[in-house]
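Encoded as structure tokens, the structure appears first; notes follow it.
Just so it is clear, none of the values below were taken in a lab; they were calculated from the coordinates. Keep in mind that this is a model prediction, so the values were computed, not measured. When we count neighbours, we look across all protein chains shown, and the Cβ atoms used for this are built from the backbone with ideal geometry, even at glycine.
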Ligand code: ARG
């Protein structure tokens, strides 16, 4: 179970450019609401007993709130992101500084290989999963494999609306994963079937964006408010309670609970 997460407050968050189909510059962020949404998420994590680290927001980097994308953390290793879009590139320098100050070992991929951190990479039960196709490069696999000392399971994402693996794939516990199958390729689905005994499928009626972009803390799943009742039932059947929290403002940028949360994974 994770014990620490990193979040970034929404001080400078707004929709200032459009790099995914959810973003519309005219759809501005409500400051009061977004502050409440952030505080709510933070207090949920604290109530669940997690250590919540905060990264300072930076002016002119509005998407920094999507902290999951700045890199990947396991034990004392930080794999730094190389963002695909120039608007976000500087974000991971601030994350690097934070992890350097905390004495993490920092590694990075060559500049021409894109890698968007926990937007596309997961660790669950000894296995790593790596998304590619929309944001992270397929070749990221070859470098990551050396950093972690094993082959990650590579899964292609092929839906412009579900552009990070964390928007359509959530390994939430032993042998259990939530996926939105229509955003994955046949090959990706085959690999998921090989690696998970219990697959919870998210269909359009389940509000797939919210119900796959989730974080599991033990047997509690934190999801954006609006997840369909059927999905909650499916989670309950697998032993998970769901906490829903409003995410309307973050949805404007194309993200929900998982995108905001950099989890500190532990290998044992
Ligand atoms: N506006 C951000 C982008 O398009 C949203 C990132 C969402 N993060 C995620 N982990 N899916 O890059």
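Out of the residues in the stretch 131-169 that are more than 16 Å from the ligand (Cβ to nearest atom) and within 26 Å of residue 211 (Cα to Cα), state the one that is surrounded by the fewest Cβ atoms within 10 Å (Cβ to Cβ). So that I can check it myself, show each step before the final result.
From the stretch 131-169, those more than 16 Å from the ligand (Cβ to nearest atom) are 138-139, 141-154; that's our starting set.
Checking the rest, the ones that are also within 26 Å of residue 211 (Cα to Cα) come to 138, 152-154.
Details: 138: 13, 152: 20, 153: 17, 154: 22.
Going through the qualifying residues, I end up with 138.
Please go through the stretch 239-268 and pick out each residue that is surrounded by fewer than 19 Cβ atoms within 10 Å (Cβ to Cβ) and in a loop (DSSP other than H, G, I, E, B).
Listed by number, the residues that qualify are 239, 246, 266, 267, 268.
Based on this model, can you work out whether residue 65 counts as surrounded by 14 or more Cβ atoms within 10 Å (Cβ to Cβ) and over 16 Å from residue 224 (Cβ atoms)?
Working: surrounded by 14 or more Cβ atoms within 10 Å (Cβ to Cβ): yes; over 16 Å from residue 224 (Cβ atoms): no.
Spelling it out, it is not the case that residue 65 is surrounded by 14 or more Cβ atoms within 10 Å (Cβ to Cβ) and over 16 Å from residue 224 (Cβ atoms).
Testing residue 202 on (1) farther than 18 Å from residue 161 by Cα; (2) touching a residue at least 24 places away in the same chain (Cβ under 8 Å); (3) in contact with a strand residue (DSSP E or B) (Cβ under 9 Å, 6 or more places away or on another chain), one condition comes back false. Which one is that?
Here residue 202 clears every test but (1).
Name every residue in the stretch 29-48 that is within 14 Å of residue 263 (Cβ to Cβ) and not in a helix (DSSP H, G or I), in order of residue number.
48
Go through (1) more than 12 Å from the ligand (Cβ to nearest atom); (2) touching a helix residue (DSSP H, G or I) at 6+ places or on another chain (Cβ under 9 Å); (3) touching a residue at least 60 places away in the same chain (Cβ under 8 Å) and name the single condition residue 1 misses.
It is condition (2) that residue 1 fails.
Applying the selection to the stretch 214-253, what residues are within 16 Å of the ligand (Cβ to nearest atom) and in contact with a helix residue (DSSP H, G or I) (Cβ under 8 Å, 6 or more places away or on another chain)? Steps first, answer last, please.
Our first condition is that a residue be within 16 Å of the ligand (Cβ to nearest atom); within the stretch 214-253, this holds for 214-216, 222-224, 247-253.
Answer for the stretch 214-253, where residues must be within 16 Å of the ligand (Cβ to nearest atom) and in contact with a helix residue (DSSP H, G or I) (Cβ under 8 Å, 6 or more places away or on another chain): 214, 215, 222, 223, 224, 247, 248, 249, 250, 251, 253.
Being under 19 Å from the mean Cα position of the chain (by Cα), surrounded by fewer than 14 Cβ atoms within 10 Å (Cβ to Cβ), within 14 Å of the ligand (Cβ to nearest atom) and in contact (Cβ under 8 Å) with a residue 60 or more places away in the chain: is that true of residue 10 here? Write out each step before concluding.
Details: under 19 Å from the mean Cα position of the chain (by Cα): yes; surrounded by fewer than 14 Cβ atoms within 10 Å (Cβ to Cβ): no; within 14 Å of the ligand (Cβ to nearest atom): yes; in contact (Cβ under 8 Å) with a residue 60 or more places away in the chain: yes.
The answer is no for residue 10.
Out of (1) outside any loop (DSSP other than H, G, I, E, B); (2) surrounded by 15 or more Cβ atoms within 10 Å (Cβ to Cβ); (3) more than 16 Å from the chain's Cα centre (by Cα), the odd one out for residue 187 is which?
(2)
So, of the residues in the stretch 68-90 that are out of contact with any helix residue (DSSP H, G or I) (no Cβ under 6 Å at 6 or more places or on another chain) and in a helix (DSSP H, G or I), which turns out to be nearest to the ligand (Cβ to nearest atom)? Break it down stepwise before answering.
Within the stretch 68-90, the first condition is being out of contact with any helix residue (DSSP H, G or I) (no Cβ under 6 Å at 6 or more places or on another chain), and the residues that meet it are 73-77, 82-87, 89-90.
Restricting the remaining residues to those that are in a helix (DSSP H, G or I) gives 86-87.
Details: 86: 12, 87: 8 Å.
Checking each candidate, the answer is 87.
Taking the residues in the stretch 137-160 that are in contact (Cβ under 8 Å) with a residue 24 or more places away in the chain and over 18 Å from the mean Cα position of the chain (by Cα) as candidates, determine which candidate is nearest to residue 20 (Cα to Cα). Before you say what the answer is, go through the steps one by one.
Here is the first cut: in the stretch 137-160, the residues in contact (Cβ under 8 Å) with a residue 24 or more places away in the chain are 137, 139-140, 143-144, 147-148, 152-160.
In the following step, the residues that additionally are over 18 Å from the mean Cα position of the chain (by Cα) were identified as 139, 143, 147-148.
Numbers: 139: 22, 143: 26, 147: 29, 148: 30 Å.
In this case the residue turns out to be 139.
Give the stretch 91-127 a look and list any residue that's assigned to a strand (DSSP E or B) and either more than 29 Å from residue 9 (Cβ to Cβ) or out of contact with any strand residue (DSSP E or B) (no Cβ under 9 Å at 6 or more places or on another chain) (or both), or say none. Please lay out each step first, then the result.
We begin by selecting, within the stretch 91-127, every residue assigned to a strand (DSSP E or B); these are 105-108, 115, 121-124, 127.
Across the stretch 91-127, the qualifying residue is only 127.
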